[in-house]
Ligand SMILES: *Cc1c(COP(=O)(O)O)cnc(C)c1O
């Protein structure tokens, strides 16, 4: 069995156990395999073992990898954009990605909406929250989320699937717990304010290789895992 395949199986087992500990249904949790700076060969290994959901941080890298052989011929691939998105790349992001997880400002939302206007397409997005209030991180501050969400609700081509966050980095998985908990609380508040969960699915994209189990215990519905699947990035 390939390493990638056995890693994916191990992660899935850990997802199942974390969900069980939290009394949650395992099917509520999606696994995005983060393939930034990962070779096409390894991505093919993941696809061949049945995993078709990937996350990428860089637009050009994603385009170069997924539109060339051998990845260009894979069918039913789903790509999530998880990097910082500049407004001048919004149009291409719509073309390449089923889900854009990093919408964190009105200007970006309005630019996406403008490019989608007149089309049938509804773009799935997440709103990125800077839950750790880190100066160098993207994401909107929690207290600014209600205003942004109410404006984005007016964008008829954008479908808000939930909130996304990258908490402050820490080796200790437990360090993420208070941030994950704060995200869950923020999400619940926004649902109460009728700003989230229009279609009954207020998602929470949180948890990476070193802390996804803690994130699941605190309510994550989508984890983004790179190194634990593909190994250390070069
Ligand atoms: C790189 C990255 C990940 C994956 O990180 P790992 O620690 O390798 O699992 C997840 N989310 C985002 C936004 C990333 O940039």
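Derivation of every value follows stated rules applied to the coordinates shown; laboratory data play no part. Just so we're clear, the structure is a prediction, and the values are computed from it rather than from any experiment. Virtual Cβ from ideal backbone geometry, glycine too; neighbours counted across all protein chains shown.
Starting from the stretch 1-25, take each residue that is free of Cβ contacts under 8 Å to residues at least 60 places away in the same chain and list its partners that are surrounded by 15 or more Cβ atoms within 10 Å (Cβ to Cβ) and in a helix (DSSP H, G or I), counting only C-beta distances under 6 angstrom and pairs at least six apart or across chains.
2/45
Which residues, counting only those in the stretch 44-63, are part of a helix (DSSP H, G or I), farther than 15 Å from residue 9 by Cβ and within 14 Å of the ligand (Cβ to nearest atom)?
Of everything in the stretch 44-63, those that are part of a helix (DSSP H, G or I), farther than 15 Å from residue 9 by Cβ and within 14 Å of the ligand (Cβ to nearest atom) turn out to be 59, 61, 62.
What's the total number of residues in the stretch 108-157 that are touching a helix residue (DSSP H, G or I) at 6+ places or on another chain (Cβ under 6 Å) and loosely packed, with under 13 Cβ neighbours inside 10 Å?
Residues that pass the stated criteria total 1.
Of everything in the stretch 197-226 that's under 22 Å from residue 57 (Cα atoms) and out of contact with any strand residue (DSSP E or B) (no Cβ under 8 Å at 6 or more places or on another chain), which residue is nearest to the ligand (Cβ to nearest atom)? Please lay out each step first, then the result.
Quick first cut of the stretch 197-226, residues under 22 Å from residue 57 (Cα atoms) only: 203-212, 215, 220-226.
Keeping just the survivors that are out of contact with any strand residue (DSSP E or B) (no Cβ under 8 Å at 6 or more places or on another chain) gives 210-211.
Numbers: 210: 6, 211: 9 Å.
Per the criteria, the residue is 210.
Please go through (1) in contact with a helix residue (DSSP H, G or I) (Cβ under 8 Å, 6 or more places away or on another chain); (2) loosely packed, with under 15 Cβ neighbours inside 10 Å; (3) in a helix (DSSP H, G or I) for residue 95 and return the number of the only condition it doesn't satisfy.
(1)
Examine the stretch 64-76 for a residue that is within 16 Å of the ligand (Cβ to nearest atom) and either within 23 Å of residue 111 (Cβ to Cβ) or part of a loop (DSSP other than H, G, I, E, B) (or both), and state whether such a residue exists. So that I can check it myself, show each step before the final result.
Within the stretch 64-76, the subset within 16 Å of the ligand (Cβ to nearest atom) is 65.
After this cut, where a residue has to be either within 23 Å of residue 111 (Cβ to Cβ) or part of a loop (DSSP other than H, G, I, E, B) (or both) as well, the list is none.
No, the stretch 64-76 has no match at all.
Before we move on, is residue 14 more than 22 Å from residue 214 (Cα to Cα) and in a helix (DSSP H, G or I)? Before the answer, list the steps.
Numbers: more than 22 Å from residue 214 (Cα to Cα): no; in a helix (DSSP H, G or I): yes.
Taking the combined requirement at face value, the residue does not satisfy it.
Go over the candidates 234, 229 one by one and state the one that is within 13 Å of the ligand (Cβ to nearest atom) and in contact with a strand residue (DSSP E or B) (Cβ under 7 Å, 6 or more places away or on another chain).
Of the residues listed, the single one that is within 13 Å of the ligand (Cβ to nearest atom) and in contact with a strand residue (DSSP E or B) (Cβ under 7 Å, 6 or more places away or on another chain) is 229.
Being closer than 24 Å to residue 166 by Cα, in contact with a helix residue (DSSP H, G or I) (Cβ under 6 Å, 6 or more places away or on another chain) and within 16 Å of the ligand (Cβ to nearest atom) is the requirement here; does residue 103 meet it?
Details: closer than 24 Å to residue 166 by Cα: yes; in contact with a helix residue (DSSP H, G or I) (Cβ under 6 Å, 6 or more places away or on another chain): yes; within 16 Å of the ligand (Cβ to nearest atom): yes.
It is true that residue 103 is closer than 24 Å to residue 166 by Cα, in contact with a helix residue (DSSP H, G or I) (Cβ under 6 Å, 6 or more places away or on another chain) and within 16 Å of the ligand (Cβ to nearest atom).
Taking residue 156 as the residue in question, decide whether it is assigned to a loop (DSSP other than H, G, I, E, B) and closer than 30 Å to residue 120 by Cβ. Walk me through it before giving the result.
Values: assigned to a loop (DSSP other than H, G, I, E, B): yes; closer than 30 Å to residue 120 by Cβ: yes.
Spelling it out, residue 156 is indeed assigned to a loop (DSSP other than H, G, I, E, B) and closer than 30 Å to residue 120 by Cβ.
Residues in the stretch 73-96: is at least one more than 17 Å from the chain's Cα centre (by Cα) and in contact (Cβ under 8 Å) with a residue 40 or more places away in the chain?
no
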